[in-house]
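First up is the structure itself, then whatever we jot down about it.
The values are calculated or read from the model by the stated rules, or taken from the named source; none is laboratory data. None of these values were measured; they are calculated from a predicted model. Methodologically, a virtual Cβ is constructed for each residue, glycine included, from the backbone with ideal geometry; neighbour enumeration extends over all protein chains shown.
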Amino acid sequence: MKKNALLLGLSLLSTTALANDYNAQVDADFLTIDDVNVIGVEGTYYFDKVSTANTAWAEAAFMGRNSNASLAYVNFDGDGYALNLGGDYYHNNFFFALDATYTDYDFGDSETDFSGAVGYFFAKNWLVSVSGADEDFSDSLALNTKYIATLDNGSFVNLEASFLNYDNDFTFTADYYWTAQSSVGVDLSTEEDYKFGVHAQHFFTPAISARVGFISFDYDDAFTIGLTGRF
């Protein structure tokens, strides 16, 4: 749900590039579609240290059930911007999430939206949740699930799916981590105009990763590139 800008100052990470645990993460992404460029940056603080041991590094906070707070800024090609304040909270097998998003369209017409999720871990690596937003609540409801499998060869598989109430659409994401540091994935959806998406991510060190993505719609294609820093 969160959009993220590019060109993060790596000097912030110079003293922690070899750390396996982290308390904060900064994500930066650039997306272009139909001659529109979207740039954003997001910072997340974890209240307890996140460990990357024995799991895919990109999934470490989920597997560790690390509660967090985040702040994100997105610029829509100079035609507006959005600010998002969010957080995830884990208590035993329960999961709670809340987001508040302020969007300014054309730097004048604005609105604030709230969204949230409640979930339960049926296993250490399997979460089922229900999510919704304050605007058109019944139409925004979704049933979601996320499952991470550890394979015998030390690789990992991440599977995510959602059922969207508004048009009875399904979304599906699958990621294959052939090592803890590297993955490729595919996104599928029955939503109108959506065809498919593919993406990849690689951690060059425990603190720095890059990702790329491609999304095909009926009307155009979107390209994304991003960078993550942890410290």
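Of THR179, THR224, THR173, all but one fail to be among the hydroxyl-bearing types (Ser, Thr, Tyr) and buried (at least 18 other Cβ atoms within 10 Å of the Cβ); the exception is THR224. Evaluating TYR102 against the criteria (1) surrounded by 15 or more Cβ atoms within 10 Å (Cβ to Cβ); (2) of a type outside the set (D, E, K, R); (3) modelled with pLDDT of 95 or more leaves one unmet condition, (1). Of all the residues that make up region 173-231, how many are more than 30 Å from SER140 (Cα to Cα), among the small types (Gly, Ala, Ser) and more than 15 Å from the chain's Cα centre (by Cα)? Matching residues across region 173-231 total 3. Checked against the criterion of being charged (D, E, K, R) and in contact with a Leu (Cβ under 8 Å, 6 or more places away or on another chain), the candidates LYS195, LYS146 yield just one match: LYS146. Determine whether region 120-129 contains at least one residue that is out of contact with any strand residue (DSSP E or B) (no Cβ under 6 Å at 6 or more places or on another chain), surrounded by fewer than 17 Cβ atoms within 10 Å (Cβ to Cβ), at pLDDT 95 or above and among the aliphatic types (A, V, I, L, M). Yes, region 120-129 contains a residue that is out of contact with any strand residue (DSSP E or B) (no Cβ under 6 Å at 6 or more places or on another chain), surrounded by fewer than 17 Cβ atoms within 10 Å (Cβ to Cβ), at pLDDT 95 or above and among the aliphatic types (A, V, I, L, M).
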